Structure formats: C-alpha cells, structure tokens
1. Look through region 135-180, keep the residues that are aliphatic (A, V, I, L, M) and out of contact with any strand residue (DSSP E or B) (no Cβ under 7 Å at 6 or more places or on another chain), and return whichever of them is surrounded by the fewest Cβ atoms within 10 Å (Cβ to Cβ).
2. Those residues that are over 21 Å from the mean Cα position of the chain (by Cα), part of a loop (DSSP other than H, G, I, E, B) and free of Cβ contacts under 8 Å to residues at least 24 places away in the same chain, I need them from region 141-173; list them, please.
3. Please enumerate the residues belonging to region 46-61 that are in a loop (DSSP other than H, G, I, E, B) and either of a type in the set (Lys, Arg) or surrounded by 15 or more Cβ atoms within 10 Å (Cβ to Cβ) (or both).
4. Let me confirm something: among 92, 57, 25, which residue is modelled with pLDDT of 85 or more and under 16 Å from residue 112 (Cβ atoms)?
5. Can you tell me which residue in region 96-126 is modelled with the highest pLDDT, limited to those that are surrounded by fewer than 16 Cβ atoms within 10 Å (Cβ to Cβ) and within 16 Å of the chain's Cα centre (by Cα)?
6. Quick one: residue 30 ticks every box in (1) more than 13 Å from residue 147 (Cα to Cα); (2) assigned to a helix (DSSP H, G or I); (3) not basic (Lys, Arg) except a single one, so which number is it?
Amino acid sequence: MINDHGTDTPKWQDFRCNYAPKLSVEWARWIGKNHQPMNQTDFATWLEDNLADVAAVTGMPSGADILAMAIGFEANADKRLRSKINLQSGGVQFEFVEDETKETRTSMKVFERFTLGLPVFDGSTDAYPLEARLKYREKSGSLTFWYELIRPDRVFKTAVTSELERIKVDTGFTIIQGSLK
C-alpha cells in the first residue's frame with residue numbers, strides 16, 4: 001500500500017504496487033516441455049536448440065556431452081534399438097542395430113540427469129541451477145524421450161526471494177508480501 005495508515009491518522013489504503021515480472025524465455029521453454037514425450041529426432045533437435053541452457057556442473061554431462069548424445073539419437077533414429085541398464089551404476093547403454101552383424105551396431109551412453117542454468121525472470125542476469133532427469137521408453141523399436149525437472153518450484157521461490165531483495169536494496173522500500181481480502 002502506498003497510502004497506508006499513519007501513526008496518528010487513518011488513510012484510505014486505496015493504492016497498491018504490484019510487481020509481476022515476465023518469465024524468461026529459457027524458463028518458459030523448459031517448463032513448457034517438462035514431462036512432454038518427444039520422438040527421437042524431435043528430442044535431439046530440442047536439445048541442440050537449447051544447448052546453451054545446460055550448465056557446466058562437476059559430475060554432470062556438459063553441453064558438448066549432451067550435443068553428442070543428441071546427434072547420436074538423430075543419426076540412429078531409423079535403426080532397431082536395444083537397451084541395457086547397469087543396475088549397479090544406474091547407467092544406460094543403447095545399442096542401435098541395423099542387422100545382426102557386429103559391424104552395423106552403434107553403442108551410445110545415455111545420461112540419467114543433467115543440470116540447467118536458467119534465469120527465471122526476463123532481464124535477470126542470475127542463472128539458477130535446475131536438475132532434470134532424462135527419461136525414455138522404447139516400444140516396438142520406437143524410442144520416446146522426455147525430461148522431468150526436479151523441484152522447479154524451489155528454484156522459482158529462490159528467484160523470487162532474490163528479486164525481492166534486489167528491489168528492496170535498489171529502492172530502499174520495505175517489501176510487504178501478502179494480499180488484501
């Protein structure tokens with residue numbers, strides 16, 4: 001409220017400031033495709049188009065690793081698929097087969113998780129880390145991929161808190177959160 005009650009006189013409280021920042025293009029893209037199945041080629045194209053959003057995090061695949069995986073998907077899209085899961089390490093190995101000879105087999109390692117570095121709000125210079133699980137299903141030789149963002153709500157809340165703190169520091173105003181009934 002801008003004209004809130006004073007210490008000795010009541011005011012009308014009829015003016016309010018609301019700040020609703022626009023979401024960044026990157027945040028909207030990744031949230032929009034979350035849990036959305038894509039065929040092999042579409043998924044590879046999606047990864048290539050949004051590769052700049054993959055964060056460099058120790059122990060996670062790099063953007064180059066993700067790109068190599070995406071290109072491998074596209075190059076092998078019309079071959080028959082076999083998958084092998086290592087239960088101990090959790091790793092997944094795909095084998096694309098043209099026919100049953102060893103010369104026509106292509107192996108590819110697939111990542112379980114990757115980390116994004118995304119600004120939440122448009123114009124923000126802060127990129128927040130957000131982990132994603134890579135998921136897939138194979139049915140009748142056709143491969144479907146998607147990703148599942150891990151707790152984007154927490155990342156969003158952190159971004160809101162940071163943005164409110166920035167506004168408080170830049171304006172000198174006390175930030176009051178809540179709503180009027």
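The values are calculated or read from the model by the stated rules, or taken from the named source; none is laboratory data. What you see is a predicted model, and the numbers here were worked out from it, not measured in a lab. Positions of Cβ are generated from backbone atoms using ideal geometry, with glycine treated the same way; all protein chains shown enter the neighbour counts.
1. First, pick out the residues of region 135-180 that are aliphatic (A, V, I, L, M): 143, 149-150, 155, 159-160, 164, 167, 169, 175-176, 180.
Within this subset, residues satisfying the condition of being out of contact with any strand residue (DSSP E or B) (no Cβ under 7 Å at 6 or more places or on another chain) are 160, 164, 167, 169, 175-176, 180.
Details: 160: 14, 164: 13, 167: 14, 169: 9, 175: 11, 176: 8, 180: 6.
In this case the residue turns out to be 180.
2. 172, 173
3. Within region 46-61, the first condition is being in a loop (DSSP other than H, G, I, E, B), and the residues that meet it are 50, 55-61.
Scanning region 46-61 gives 50, 55, 57, 60, 61.
4. On the way: 92 fails: modelled with pLDDT of 85 or more; 25 fails: under 16 Å from residue 112 (Cβ atoms).
On inspection, the qualifying residue turns out to be 57.
5. By that ranking, first place goes to 122.
6. The failed condition is (1).
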